[in-house]
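A.B. asks: Got a structure for you, written out below as structure tokens; questions coming shortly.
The values are calculated or read from the model by the stated rules, or taken from the named source; none is laboratory data. Everything numeric here is computed off the predicted structure, so don't read it as measured data. So basically every Cβ, Gly included, is an ideal-geometry build from the backbone, and we count neighbours across all protein chains shown. SASA here: full protein model, heavy atoms, side chains in, ligands and nucleic acids out. Shrake-Rupley method; radii C 1.70, N 1.55, O 1.52, S 1.80 Å.
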Amino acid sequence: MRAEEYGAGFDAAVRDLADIQDRCRHAVKQTGIAVVDACEKSVVAAVRAQEQTSQAGAEWAADTVRTQTGLTKELNAVALGVLRQLLG
């Protein structure tokens, strides 16, 4: 009778360990999925930030060119006026 009790206890312990192992595998899998998901979100956020920065840089460059073009026209008009006064 004693050997049977040990055998039944051993079988129960093996089943419990197998159950724990399955739960651990599931937890590791879920953790891996969460890590991959977080990495994907991080990459997407970085790409979006880079795109926004590039767009902002392009807009700034276009504004700068427009400003410089406007200033150049104004300076040319002032220079032309000064030349007309000097020559005129």
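A.B. asks: Given q = 0.18 Å⁻¹, what are the Debye log10 I(q)/I(0) values for the chain, with equal point scatterers placed on the Cα positions and solvent ignored?
C.D. replies: Per q value, in the given order, log10 I(q)/I(0) is -0.92.
A.B. asks: On to the next question. Would you kindly find the accessible area of residue 59, with a 1.4 Å probe and non-protein molecules such as ligands, DNA and RNA excluded, rounding to the nearest 10 Å²?
C.D. replies: Spelled out: residue 59, probe radius 1.4 Å, area about 100 Å².
A.B. asks: In whole percent, and with a 1.4 Å probe on the protein chains, what portion of the accessible area of the chain is carbon and sulfur?
C.D. replies: Details: 5000 of 7890 Å².
The C+S portion of the solvent-accessible surface of the chain is 63 percent.
A.B. asks: OK, next. Can you give the accessible area per residue of the chain, in Å², using a 1.4 Å probe?
C.D. replies: Working: 7890 Å² over 88 residues.
Spelled out: the 1.4 Å probe surface of the chain, per residue, equals 90 Å².
A.B. asks: Rank 12, 24, 70 by how far each Cα sits towards the positive end of the charge dipole of the chain (+1 on Lys, Arg Cβ; -1 on Asp, Glu Cβ) and give me just the farthest.
C.D. replies: 70
A.B. asks: Let me ask something else about it. Roll a 1.4 Å probe over the protein heavy atoms and report the accessible area of residue 64 in Å², nearest 10.
C.D. replies: Spelled out: residue 64, probe radius 1.4 Å, area about 40 Å².
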